[in-house]
Structure formats: structure tokens, C-alpha cells
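The structure appears right after this line, and notes come after that.
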Amino acid sequence: MNIEGVRAIYLFEMARMRRTLLQSVVSPVITTSLYFIVFGAAIGSRMQEVDGISYGAFIAPGLIMLTLLNQCIGNGSFGIYFPKFTGTIYEILSSPISTAEILIGYVGAAATKGLIVGTIILLTASAFVDISIAHPFLMALFFVLTAVTFSLFGFMIGIWAKDFEQLNIFPMLVIPPLVFLGGSFYSINMLPPFWQTVSHFNPVLYLVSGFRWSFYEIADVNPAVSLAIVVGFLVACLSVTAWIFKTGYKLKS
Amino acid sequence: MAPIVSIRNLTKRYATGFTALKGVDLDIEEGEILALLGPNGAGKTTMISIICGIVTPSGGTVTVAGHDILADYRKTRSIIGLVPQELTLDSFETVWSTVSFSRGLHGRKPDPALIERILKDLSLYDKKDTMLRHLSGGMRRRVLIAKALSYEPKVLFLDEPTAGVDVSLRKDMWQLVERLRAAGVTIILTTHYIEEAEEIADRIGVINGGRILLVEDKKALMTKLGRKQLTVELAEPLAAIPPSLAPFGLALAGTGERLVYEFSTTGERTGISSLLSALSQAGLRVRDVSTEQSSLEDIFVELVGEDR
């Protein structure tokens, strides 16, 4: 095992985060604070409690998930897309390092960054609303699994993307609607039956619901199902990535 | 001694249908400097990329120090260094961090003293904290070399190391190659510059259209294929070549005061003595005689031309 190689990639990626501190940390904190001011304080004060929880507290897990998904997909995709774009990927490809090691380096760094930012958002949220965590272990499990899975998903996007336009499709166009319609800001019980059914096809619903259950023990779907969906998605991403490296898809000619 | 790099029937056909390599066989001896000459699109970069792991071969085998490049990629890649043709570097990294990164990537523990020595050797040390995007083209080339040397490779591929490089850097580069050879590193370089091959290589391979046309010891190649030119300066200019000299295929040069005779040094007879006696029989007075060896460039153009 090329431990030094994994370390080199991991630290290289983490150094990029330090260089772009404003963009990677400050910006999500400001965005989340704005959500809490608008939805939590301004609108939330005129809203009833949802399932016995204040509206501000209710939306906190969803907001953390939104940031986590965006961060992980963004970092995971950019980390591998950029060397492809500049050509420095030649060095990775010609190194004595295995697929699994490359993945651990890139995906590990993207997930770490996502978790750091997610934790900062959690702390920011608790400055605005009262947050209690009923099942800390489960919460951490959801947190880490989601970070790893979506960093891996981002990695795949980074390999697939031909240009910056494609690179941004998921974080800009796909994730926000899924998060907004996935019960981040409401319980899907508030929806008409038809839209409740549609919502069940949205994978993000399971993430947000399971994550919220670990906080307040309220959920739109069974938390076990949520966990199974996350693990299933992780396995799917791992399989696709293994195939990418086996065939050299878009990496090697 | 077994060759350090052994290439057998290597082929590469790209997805576009273009066949870059059509069955290359080549053995590279440990410690030698091999120059690969060839026009653009000859397959030089494809061959190097396959050996280094950047391009997947379509057929054939390559072993490096006895290890297969696909099955034993960890072993082969940890002893191969590559300086690519393109100046591909991260923009926002510093010289020091990118060189250290390369060392780590190749599984070596950090060694600041070594990195410092490499940077000093390449006149990069005073730029160690400079961001790569602020470096000139020549400096970026040096950084790429430093990166490849950071993990002490035993076999070093230099893909057109002096393309677009000024004269002083080119001379530096040649000295560096000499030093590396002295340290026992095997060096394979591709180049368009024939003078470069002539200057530093032990052996020269000519590649064109995805095939190796020949690999020869540099001196042997130049003697074997070398053509010489004999120039005879006459005391009085000639208007035309006398008919008695026609069999020699002479050319009249200048304003008629020079006769040029081409001969092969590899032929059994050069024909020089008979030419000289024919000249005196024709009553021509000779003032001076000089010979010129054709350069590698002429040899190369001849070879690649024949191949077309």
C-alpha cells in the first residue's frame, strides 16, 4: 500500500481548501445564516410547529444536508476534474498508486471538507435555534456516510464532465431542487397525496428524513430505510468508480 | 546484462481508429542515453505514455527491470521518472510543494534535504516559495524535471525536454543529463533537435509512422550511413564539367571554381584516387581539397524520406 501517495493526494486537496477559505467555509456559513434569518426568524416566527418542533429547529438538519451535499459533490468533482483539465493528471496516472488509494486520497479529502463545513453549519444553526440530538451515534453515521457517498458521487461527475458546464450541472441544477423538494423545509405529510408519492422517488428525502430522525425522532420515512438507501447508493457509486478505473473511462486513452 | 526496458511487439490503436504504434520492439540498456528521433506523430509520446502508465497498450508487452508494466505497475512506476512534453503544472502550488508532492505520490518518505539539493542543482532554490503560475516557461520546465527527480528514478523519460527552451537552459539540461548518467540513471529522450541527439546520446533510435526504423550506436550510425562530400577548389573556374569527368557525377559549385564529389565512406572504394588522377589528366589544376561529413540531420531526413 502506497501510504505516502494517499497522504500526498489528501494533503494536496486539503491545502486547496486552506487557500480558498472564503469560498469553502465562509460562504456556506453566510448562506446558512441567511436561511435561518429568513426561514427561521422572519417566516418561522409566524409558522406553527412542525411535528412538535419549532420551524427553525425543524429545518436545521435539512440545511446541514444541503450544505453537505453541495460541498461534497463540489469538492469531489473539482478535485479530480481540475487535474484532468490542466493535464497534471499524468502524474497520478504514472504513479505507483492503486485505484483504491487514489479514491481514498481524493474522496477522503472531499468528505473531510464536507464534514468540517457541515459541522460549522451545525454550530451556526445552534446559534439561531435550539437543537437537540437524540441519537448522536446515528447522526454521526448518517453524516459520515452521506459525506463519503456524495464525495464519491462528485468524483464520478468530475471524471465524466467534459467542461465546467457539465461539472456544475449537479451542484447547481440537480441538487437544489432535490433538497428543496425532499422535505428539507417541510414534512411531506403537508403535501397532497399525489406529491407525497412523487416525493418518495426523491433520494434526498430519505437522507434528510433519516438525518432529522437522529435529531428529533421525527421522520417522513422509516430511518432504517433511510440508512439502507444511503448504503445502497454508496455501493452503487463504488461499483461505478471501480469500473471507471478498470476501463480507464475518460482517464486513459 | 538484461536490458532495463524491454519492449516487445507493442501496438496502440486509439479509439479514433488512429494506429500510433505498429509493433515496436526495443531494448534499452541500463545506464545508457537513448535518443528517439522522429517527426511529429511518429509515436514517440505514445510509446513513452504506455511505458509510464498514462496510455493503455492495445497489444504487446513492456518490462522495466524485469517487471511487467501492467501486472507489476507499482514496481515499474516507482523506478520510472517522466518529464512530459507539455508544461502541465498546478497554478496555485509553490515550487517546493509540487516537488514534494511528486515524491510522496511515488511512495517515498519526505526528504527535504534531497529536495533542496535537486532545486539547487536546477537553479530553482531561490524560487522555492514562488507560485508556479508566476514562473517563466523555462523555469516551469525545470520544475517538471525536479518533480521527476524527486523520487530518484532509475529510468528517466524526457519527452522533448528542450522544445522551446533557450540556449543556456538547453546547455544546463545537457549537463544535467550527463550528471544523471554518471549517477547510473538510464535516460530516454525524444527530440526533434538532431544536434541534441548528436551531442548527448549513446544510441539513437529513429521512429516514424509507429515503427522503429533503426536503433544504432550513435558513432556506428553516423559512420554506417554517413556520406562524405569532397570539394575540389580549382585554380581556374570552369564553364562546364569536362566529358572525361562525367562518370564521377560531379557538381559545379560557386562560379565554377569548385567541384563537388559525393561519396560513401561505407563503400568498398571511395573513388577519390581515380577522381584526382582524372582531374590531372584533364589538365585541371587543383588549389585545395576538403571533405565534409554529413550530419545526423542528413541521415535522419534520408531515413524518414525513404520510409514515406
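Just a few scattered comments:
- Helix screen, chain A: DSSP H segments with Cα axial length of 27 Å or more and mean Kyte-Doolittle hydropathy at least -0.5 are A:55-86, A:99-128, A:136-160, A:223-247.
- Beyond 29 Å, the tail of the calculated P(r) for region A:3-247 holds 29 percent of the Cα pairs.
- Of the residues A:Val148, B:Ile50, B:Val83, the one whose Cα sits farthest towards the positive end of the charge dipole of the protein assembly as shown is A:Val148 (charges of +1 on Lys and Arg Cβ, -1 on Asp and Glu Cβ, taken about the Cα centre).
- Candidate lysines - alpha carbon under 29 Å from A:Lys113, same-chain residues fewer than 8 apart omitted: A:Lys84, A:Lys162, A:Lys246, A:Lys250, A:Lys252, B:Lys109, B:Lys128, B:Lys147
- Listed by chain and number, the aspartates and glutamates whose alpha-carbon sits under 16 Å from that of B:Lys127, ignoring those within fewer than 8 places in the same chain, are B:Asp90, B:Glu93, B:Glu116.
- Given R0 = 60 Å, the distance between the Cβ atoms of A:Glu217 and B:Asp72 translates into a calculated FRET efficiency of 0.65.
- As a length-normalised measure over Cα pairs under 8 Å and 6 or more apart, the relative contact order of chain A settles at 25 percent.
- The helix-only estimate of mean residue ellipticity at 222 nm for chain A, built from DSSP H runs of length n ≥ 4 each weighted as -39500 (n - 2.57), is -23000 deg cm²/dmol after division by the residue total.
- FRET efficiency estimate (nearest 0.05) - Cβ-Cβ, A:Thr119 to B:Glu199, R0 60 angstrom: 0.50
- Computed over chain B, the per-residue total of -39500 (n - 2.57) for DSSP H runs of n ≥ 4 gives a 222 nm mean residue ellipticity of -10000 deg cm²/dmol, rounded to 500.
- Computed label-point distance, nm, for sites B:Tyr125 and A:Tyr249 using a 7 Å Cα→Cβ extension: 4.9
- Placing unit charges on the Cβ atoms only, positive for Lys and Arg and negative for Asp and Glu, gives region A:3-247 a dipole magnitude near 420 debye about its Cα centre.
- Debye, to nearest 20: dipole size of the protein assembly as shown, +1 on Lys, Arg Cβ, -1 on Asp, Glu Cβ: 740
- Shape call, region A:142-213: gyration tensor on alpha carbons, a/c limit 1.5: oblate
- In this simple spin-label approximation, A:Val29 and B:Asp298 carry label points 7 Å from Cα along the Cα→Cβ vector, and these lie 7.4 nm apart.
- Alpha-carbon centroid distance for the pair region A:62-113 / region A:169-246, whole angstrom: 22
- A:Gly79 sits among other residues whose Cβ lies under 11 Å from its own Cβ, and their net charge, with Lys and Arg +1 and Asp and Glu -1, is +2.
- Between the amide H of B:Thr11 and those of B:Gly23, B:Val24, B:Ser58, B:Gly59, B:Gly60, distances stay under 5 Å, these residues lying 5 or more places away or on another chain, with hydrogens modeled in the peptide plane.
- Annotation: for a label point projected 7 angstrom from Cα along Cα→Cβ of B:Ala235, residues of region B:244-260 with backbone N closer than 18 Å are B:256-259.
- Summed over both chains, the area buried between B and A is near 2500 Å², taken from the accessible surface of protein heavy atoms with a 1.4 Å probe.
- Distance between the pseudo-spin-label points of A:Thr20 and B:Ala182 (7 Å out from Cα toward the beta carbon): 4.5 nm.
- Of the residues B:Gly41, B:Gly184, B:Val165, the one whose Cα sits farthest towards the positive end of the charge dipole of region B:5-223 is B:Gly41 (charges of +1 on Lys and Arg Cβ, -1 on Asp and Glu Cβ, taken about the Cα centre).
The values are calculated or read from the model by the stated rules, or taken from the named source; none is laboratory data. Small disclaimer: the values here were computed from a predicted structure and weren't measured. For neighbour counting, all protein chains shown are included, and Cβ atoms are generated from backbone atoms with ideal geometry for every residue, glycine included. With ligands, DNA and RNA removed, areas are computed over all heavy atoms of the protein, side chains included. Shrake-Rupley method; radii C 1.70, N 1.55, O 1.52, S 1.80 Å.
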